[in-house]
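Below is one structure, written out as structure tokens, with a few remarks after it.
The values are calculated or read from the model by the stated rules, or taken from the named source; none is laboratory data. Everything numeric in this text was worked out from a predicted model, so none of it was measured. Positions of Cβ are generated from backbone atoms using ideal geometry, with glycine treated the same way; all protein chains shown enter the neighbour counts. For accessibility, only protein heavy atoms count, side chains too; no ligands or nucleic acids. Shrake-Rupley method; radii C 1.70, N 1.55, O 1.52, S 1.80 Å.
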Amino acid sequence: MRNTLRSTHSLTALLTVLTCTVAGCSLITTFDRSKIKQDLPASDAGADAKIGDGGFDAGNDAAQANDAALPDSGKDGGLAKHDSGADAAMNDGGDTDSGVECHRPAECPGTDNECQMRTCSNTGKCGLHKLGSGVSTATQTAGDCKRTQCDGNGHSSAVNDDGDVPTSASGCATYTCSAGVASSPNYVVSGNSCSVGGKVCDGAGNCVGCLMASDCGTDTECITWSCTGHVCGSVPASAGKVLTAQVAGDCKQAECDAAGNITQVAKTNDLPNDNQQCTTDTCSNAGMPLSSPVTTGTACTQAGGHYCSSTGTCLECLMASTCPGTDTFCQLRTCSVSGSCGLQAMNMGLALPSGSQSPNDCLELQCDNSGVAVAVNLDSDLPVSDGKECTIEACSNGMKKHNPVTAGTHCATDTKLCDNAGNCGGCLVEAACTGNGNTDVCIDQACVAAGSLTSVSVTPTLSAAGAVGTVTIIFTTHNKWPADGSVVVDFPAGFDASGATFQSTTAAGTLTVTPTGKLSLKLARVTGTETGLPATVTIVLANVKNPQVAGTTGSFAVSTKTATPRSIDTGTGPGFAVTGAIMLDTTAAGATSIATVAFITSNPWPKDGSVDVLFPSDFDVSTATFGTITGPDGGFMFTKSGPTLTVTRDGTGADMSPGAVSILFGMVLNPATMITTGGFTVTTNTATPTVIDTSNLPGIMIQ
């Protein structure tokens, strides 16, 4: 280092410069030049101080400072890199190499601007870095309708920018730009708000204090506003003036103070109203609303309540006794802490006191779970005795019972037995029911009165005269029919039940048939059980023969009996209509038979009339003889004509009223083969002859 750096301060400054240079600091031009110059010889004042072969003049120093102020991005254009290289070339001796123009940009000729910057290359060559065309400069004039930009040659120029419009300082005017020229001001509408120098625009571009009194404030009863020369003024009302508008019931009065403000002062007679029936409303001396409870128990109607509480609330109740309704043993009224009525049910199953009970009714009144007294079965609450020695008092599911003792138990007062109905006087044998002319029967150890069978009917399956078939017997009992009892059926005249056999019955068990002659049957029960009451019984018998004569039979008699036998129930059934038919004493093929012709006339048969019987062609009646006739009286003549047999009345008798007729013919030859023959035709005639009645009788099966 040369002896021009004599002071310690200069050495320190230079070391700083060298340290920054070695570190590659891009802001080397920002070192403190005063630290270098302050120790320079006086002879150097005003001239460049030489340091080695490089020097800094005032112009370069200024350029260097300008260069340091440029940002690295954009406008710097890489100058800091070149400065770093140039500064690094500084040394204590002069540079004698030919061709070296600079060590840093500031040593290069020319000046920097916003569009170009001097550069110093690593080889010491000066250059210029020019910003591109159209790049805006940092320095702009706001609101001039222009924009300054670089032209790409290191110079700047202004171009039109219609978006850079001028602004109004007052805020009461607006501008536009057109081709880089600002328009005349457009004044904001009078009355719009502003904030520079006033608060409202006057329509001429000025922001003034007011245009009218309302811009200054709102008039009240306590102050009146004015606007004079765009300046606000006010006149307060007299202090203590009472305002017209007041808030009723707030314990205050609105008045004016001396400054025109509205103030609130206490007014103890401006009573509040909280709309609560259970409070008294007052004002404190300080003008505060107060509310205090009325006397507890005062009547009220709010919120469904009835009584005022100590806290000023209208409640439904204050105690249980004030709730509606009445208390019962099973349910008590309650009043909750919140004053609501309720009901408390007693424990389920709690029995009511004896005074509320009905003794001897097999029931006990108890509380249910809803507070209601209900009757519950109590089998130990036996009914009062019925006074009968053959019954025992009992309860069954809440029902009073007088149950019979075991049938056959001896009565205590006499030698009779208890029956199964709880009566003393029951029977074990029929004799117990026949004393003193009593005709009752003994059933289930009880004497019962003989009754009548109802709905009695005896119906043969076949209706033809002389037909043999089944008979259905139906009846409904009045009394029970014992399991060892019987039923007797009496048939009307003409029937033949002597060969009847049992087929079926709806009663339990079976029946054995015992004929008594042709007209009466005893049907004894076997292996059955007692028939309840009332009971409808159906019995079917086979091999019962109908009467030989057509017509309605007499009635049937039916009687149920005990085993003794003694009649229990008796009834009669209507007669049965037997229809006409041809009956053969033998149905064997080829046999000679006796034919009985039975029919019923519908009209009177004259005393001189006749009857024709037409046999099917399968029969041979050429040798037939006339036997007997029932129904008409008088004498008769018999003739034959082919298959027709004719019986003619001789006029000695009387005209016959409509009724049953039976004629017997002998020596009738049956068909030779087993067939069912065709039908028979029976015709009654007058003497003329004119047909009176005609009957078609069914054919016969020849076996």
Might you let me know whether the range 306-316 holds any residue that is closer than 28 Å to Val374 by Cα, open to solvent by less than 80 Å² (accessible area, probe 1.4 Å) and in contact (Cβ under 8 Å) with a residue 24 or more places away in the chain? no
Go through (1) open to solvent by 50 Å² or more (accessible area, probe 1.4 Å); (2) under 30 Å from Ile223 (Cα atoms); (3) not hydrophobic (A, V, I, L, M, F, W, C) one by one and return the number of the condition Gly260 breaks. (1)
From the set of residues in the range 333-348 that are surrounded by fewer than 16 Cβ atoms within 10 Å (Cβ to Cβ) and free of Cβ contacts under 8 Å to residues at least 24 places away in the same chain, which is farthest from Ala303 (Cα to Cα)? Met348
Every residue in the range 195-215 that is open to solvent by less than 20 Å² (accessible area, probe 1.4 Å) and part of a loop (DSSP other than H, G, I, E, B), please. Gly205, Cys210
Being within 60 Å of the chain's Cα centre (by Cα), open to solvent by less than 20 Å² (accessible area, probe 1.4 Å) and closer than 22 Å to Ile568 by Cα, is that true of even one residue in the range 503-514? yes
Any chance the range 269-280 includes a residue that's in a strand (DSSP E or B), under 24 Å from Glu221 (Cβ atoms) and modelled with pLDDT of 90 or more? no
In the range 536-550, how many are open to solvent by less than 40 Å² (accessible area, probe 1.4 Å) and farther than 13 Å from Ser457 by Cα? 6
Right, Asp585: among the acidic types (Asp, Glu), over 28 Å from Pro689 (Cβ atoms) and more than 60 Å from the chain's Cα centre (by Cα) or not? yes
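One line per residue, one yes/no per condition, for (1) among the aliphatic types (A, V, I, L, M); (2) open to solvent by less than 10 Å² (accessible area, probe 1.4 Å):
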site: Arg566; (1), (2): no, no
site: Pro574; (1), (2): no, no
site: Ala581; (1), (2): yes, yes
site: Leu584; (1), (2): yes, no
site: Ala588; (1), (2): yes, no
site: Ser593; (1), (2): no, yes
site: Ile600; (1), (2): yes, no
site: Val611; (1), (2): yes, yes
site: Phe619; (1), (2): no, no
For the range 183-204, check the following and say yes or no: at least one residue is touching a Pro at 6+ places or on another chain (Cβ under 6 Å) and at pLDDT below 90. no
Just give me the residues in the range 346-389 being assigned to a loop (DSSP other than H, G, I, E, B), of a type outside the set (A, V, I, L, M, F, W, C) and farther than 30 Å from Asn420 by Cβ, in sequence order. Asn347, Gly349, Pro353, Gln357, Ser358, Asp368, Asn369, Ser370, Gly371
Only residues that are farther than 17 Å from Leu697 by Cβ and among the β-branched types (Val, Ile, Thr): list them for the range 631-677, please. Thr639, Thr648, Thr652, Thr673
Is it the case that the range 174-186 has a residue that's surrounded by 15 or more Cβ atoms within 10 Å (Cβ to Cβ), within 24 Å of Cys256 (Cβ to Cβ), more than 60 Å from the chain's Cα centre (by Cα) and of a type in the set (Ser, Thr, Tyr)? no
Condition met for Thr623 (surrounded by fewer than 19 Cβ atoms within 10 Å (Cβ to Cβ), assigned to a loop (DSSP other than H, G, I, E, B), more than 60 Å from the chain's Cα centre (by Cα) and not charged (D, E, K, R)): yes
Among residues of the range 96-150, those that are over 30 Å from Pro185 (Cβ atoms) and surrounded by 14 or more Cβ atoms within 10 Å (Cβ to Cβ), counted: 29
